[in-house]
1. Taking region 155-192 on its own, how many of its residues are surrounded by 11 or more Cβ atoms within 10 Å (Cβ to Cβ) and of a type in the set (Asp, Glu)?
2. Condition check: within 24 Å of Leu67 (Cα to Cα) and touching a residue at least 40 places away in the same chain (Cβ under 8 Å). Does Leu103 satisfy that?
3. Taking region 113-127 only, how many residues are within 17 Å of Tyr179 (Cα to Cα) and under 15 Å from the mean Cα position of the chain (by Cα)?
4. Of everything in region 102-152, what is closer than 21 Å to Gly174 by Cβ and of a type in the set (S, T, N, Q)? Give them in sequence order.
5. Within region 115-122, is even one residue within 30 Å of Arg53 (Cα to Cα), surrounded by 15 or more Cβ atoms within 10 Å (Cβ to Cβ) and assigned by TED's automatic domain parsing to the domain that holds Leu67?
6. Tell me which helices (runs of 4 or more DSSP H) are completely within region 38-119 and hold 3 or more residues being modelled with pLDDT of 80 or more, or say none if there are none.
Amino acid sequence: MTAFDRLCCCKAGFHICQTTSEKFARGQGRHNASDDECFKECLFPPVETGLVRHPPLVALAAGYIALSFCWVVFSWWNIDFSCGLPAVLTGFDKTFSSTPRFLHVLALGYLFAVVPQLSELTRLRIDHPLAVIGRHSLPVFIFGTILAMVGQVFVFVTDKNAIFGTAFVAAGIGLNFAYGRYLDWLGSVSSGSAPRA
């Protein structure tokens, strides 16, 4: 459904609702899937319709990304712009979702959402391994956290051996992808739509 169709649906929504109610009252009503879709699109518009491509916003987001890049590459960490505000708001510590980090993620997300060339770069098939992990991001994150805790013990036991450490990281990445696939398979089995071998 296009934006114009959605606008027409919203304008005609009350009329459709009233007409449909009158027909049901007279016993002439029929279920119309297009009306349902119209109401759904009007009342619950897709997320992407709220992201408008404004050239000033694109320039602002791109400028912030460029500034962040220069900040890291040229090590401008000694510049204090906190203005007396706490480090939770103005710092760069990964522990907190501070303002600079939040704006960085927001700017990146906006650019990838509204710039078609960037959107094409991130478009993946539904069965792509990264898409599979994204669908199950929370369980995969928890599984990865457990693997990281086991990895800390493993690194300590192996006396920080580079070969063992690299092998553990590679195995952990593979296990995360495998766990995502397993969760996909489990979901298809529970919904009764498991693919045939």
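The values are calculated or read from the model by the stated rules, or taken from the named source; none is laboratory data. Please read these numbers as outputs of a predicted model, since none were measured by experiment. All Cβ positions, even for glycine, are placed from backbone atoms using ideal geometry, and neighbour counts span all protein chains on display.
1. Adding up the residues that qualify gives 1.
2. Values: within 24 Å of Leu67 (Cα to Cα): yes; touching a residue at least 40 places away in the same chain (Cβ under 8 Å): no.
So Leu103 does not fit the description; no.
3. Kept after step one, since they are within 17 Å of Tyr179 (Cα to Cα), are these residues of region 113-127: 126-127.
Among the residues that remain, those that are also under 15 Å from the mean Cα position of the chain (by Cα) are: 126.
Total meeting the criteria: 1.
4. The answer is Ser137, Thr145, Gln152.
5. Quick first cut of region 115-122, residues within 30 Å of Arg53 (Cα to Cα) only: 115-122.
After this cut, where a residue has to be surrounded by 15 or more Cβ atoms within 10 Å (Cβ to Cβ) as well, the list is 115.
So of that shortlist, the ones also assigned by TED's automatic domain parsing to the domain that holds Leu67 come out as 115.
Yes: region 115-122 contains one or more residues that are within 30 Å of Arg53 (Cα to Cα), surrounded by 15 or more Cβ atoms within 10 Å (Cβ to Cβ) and assigned by TED's automatic domain parsing to the domain that holds Leu67.
6. Values: elements: 55-73, 87-90, 99-114.
So the answer is 55-73, 99-114.
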